[in-house]
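The values are calculated or read from the model by the stated rules, or taken from the named source; none is laboratory data. It should be emphasised that the depicted structure is a prediction, and the values quoted were computed from it without experimental measurement. All Cβ positions, even for glycine, are placed from backbone atoms using ideal geometry, and neighbour counts span all protein chains on display.
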Amino acid sequence: MAQALSEEEFHRMQAQLLELRTQNYQLSDDLRKNTAELNAVRQKTVTLEKDYIKAQKALNKSKKAQEVDALLSENEMLQGKLHSQEDDFRLQNSTLMQELSKLCTQIEELEHANKELKDDKGLQAESSSPTSISVDGELLRLQAENAALQKKMTALQERYESEIKSPRGAEVSETKASETDVTSVRAGRTLQPEPMTDWNRQRQSVPNWNCE
């Protein structure tokens, strides 16, 4: 009986050993699978971290690009306004120069006519006196208009300079270029050649087309 029990116990222990080995194999297999999954998760985490860093950098670049685009758009708008103001000023300056040229021509003609009337010895004092007064009055009127045009042109130039100095740093180089353009425009406009008279000599000695 004891021998039969020992044999039964042996078989039972053998069965338990087989079961333990089977469980050990299963646990080893599970451990291997879990280890592989853990490594895969770690690699995936590293990849996700790299992707996150790349996405963050791309987002920062996108924000900077948007800011740059906004600054460029604002700069283009300010440059457009500056060019428009320059064109307006050139047009006004050209119109004033044309009017000033006409006035100078008229004054020159009146001065010449006045000189001829004074030098005309055949005319009587009674008839020449009213004409001389009329010519002198017209001359004074034209000189007053000339002075008013000079003041208007100076005011326009001051307003233009104050307007082009108001924009921010992107316009500084444009402002300098526009001042150079204005100077060249003012310097480049000259009157047609006229006979060298006393009035011409007086006018050439005065800058900025001052015919007084």
Inside region 145-159, the number of residues satisfying the requirement of being touching an Asp or Glu at 6+ places or on another chain (Cβ under 9 Å) and surrounded by fewer than 17 Cβ atoms within 10 Å (Cβ to Cβ) is 2
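With respect to Gln92, determine if the residue is part of a helix (DSSP H, G or I) and modelled with pLDDT of 85 or more. Outline the logic, then answer.
On the way: part of a helix (DSSP H, G or I): yes; modelled with pLDDT of 85 or more: yes.
For Gln92, the condition - part of a helix (DSSP H, G or I) and modelled with pLDDT of 85 or more - is met.
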Residue under evaluation Leu78, criteria (1) farther than 27 Å from Ala147 by Cβ; (2) modelled with pLDDT of 90 or more; (3) loosely packed, with under 11 Cβ neighbours inside 10 Å, criterion not met: (3)
